[in-house]
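The block underneath contains the structure these notes are about, expressed in structure tokens.
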Amino acid sequence: EAGLLEPYRPAYLADLHGWSVRQYAMSGNMVGGFYTSAIGFGVNEDVLKKKKLPAPKCWADLTDPRYKGEIETSHPASSGTAYTILAGLVQLMGEEPAFDYLKKLHRNVTQYTRSGTAQAKSVAKGEVGIGVSFIFGFENERQQGFTMVKSVAPCEGTSYEIGGIALVKGARNRDSALKYYDWLMSPAGQGVGARANSLQVPANRTFKPDARIPTVDSVRLIKYDFERYGRAAERRRLIDRWQREVEALPK
């Protein structure tokens, strides 16, 4: 929207998953999809067991008064993760029902963090029993030895992100940028993420990804409208409404 990017349509589009290719089509080849991951819950089974609480399976479960003070999520004004949650619930439920839901959820939220990935650490440390964030973060904690952490894909469906890759218009080092871009989208570049414990699903489908990466194949993904909900004006409108109607409420 700000005119800062230049279009680039790689010759290797056939090597990429459909969700990546759709980003090129939607953006006029300004932005491609580099990786994807789904929103879900992370639970600390030890904490929930100690407090005699069941693990949530659905969005609806999170508004149960039994979970008051036991849920951590992030703030949509500072976190892209939280905005993905907000915009996803609006698309899943409809805007009015989604805001009614978020008001009920607010009563149970202990804090809205600036970071959208902080929830995985908080759940792993036992600071809260439930976190709402990207599933891969909770899976990473579990694989780091916090075996009491489990991830849950909401039964009603959920939103997801597509990490964007793009070229900056008028860049001084365009040739180097292109080399890096093409390497990053190749099997060699796409495999680096998992080796650094960044367990998003890679866009390139011509190689076997790390087995630790949680698949989205079994997750009920909504038909996320990246074009509409990626617009700056729509993002600002939803966040402003959330701050007025949800964040301002007493706990």
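Bear in mind that the values in this text are calculations on the coordinates, not laboratory data. This one's a predicted model, so the numbers in the text were calculated from it and none came from an experiment. Positions of Cβ are backbone-derived with ideal geometry, glycine not excepted, and every protein chain shown enters the neighbour counts.
Name every residue in region 1-33 that is among the hydrophobic types (A, V, I, L, M, F, W, C) and under 19 Å from Asp217 (Cβ atoms), in order of residue number.
Leu16, Trp19, Val21
Quick one: how many residues across region 108-120 are of a type in the set (Gly, Ala, Ser) and either in contact (Cβ under 8 Å) with a residue 60 or more places away in the chain or surrounded by fewer than 20 Cβ atoms within 10 Å (Cβ to Cβ) (or both)?
We begin by selecting, within region 108-120, every residue of a type in the set (Gly, Ala, Ser); these are 115-116, 118, 120.
Okay, now just the ones that are also either in contact (Cβ under 8 Å) with a residue 60 or more places away in the chain or surrounded by fewer than 20 Cβ atoms within 10 Å (Cβ to Cβ) (or both), so 115, 120.
So the answer is 2.
Could you list, in sequence order, the residues of region 130-151 that are crowded, with 19+ Cβ neighbours inside 10 Å and not in a helix (DSSP H, G or I)?
The answer is Ile130, Gly131, Val132, Ser133, Phe134, Phe146, Val149, Ser151.
Please work out if Tyr24 is touching a Gly at 6+ places or on another chain (Cβ under 8 Å) and closer than 29 Å to Lys208 by Cα.
Spelling it out, Tyr24 is indeed touching a Gly at 6+ places or on another chain (Cβ under 8 Å) and closer than 29 Å to Lys208 by Cα.
Restricting attention to region 200-250, and to residues there that are farther than 24 Å from Gly94 by Cα, of a type in the set (D, E, K, R) and over 17 Å from the mean Cα position of the chain (by Cα), which single residue is surrounded by the most Cβ atoms within 10 Å (Cβ to Cβ)?
Result: Arg205.
I need every pair where a residue in region 186-213 that is free of Cβ contacts under 8 Å to residues at least 60 places away in the same chain has its Cβ under 6 Å from the Cβ of a residue that is of a type in the set (Gly, Ala, Ser), sequence separation at least 6 or different chains.
Asp210/Ala194
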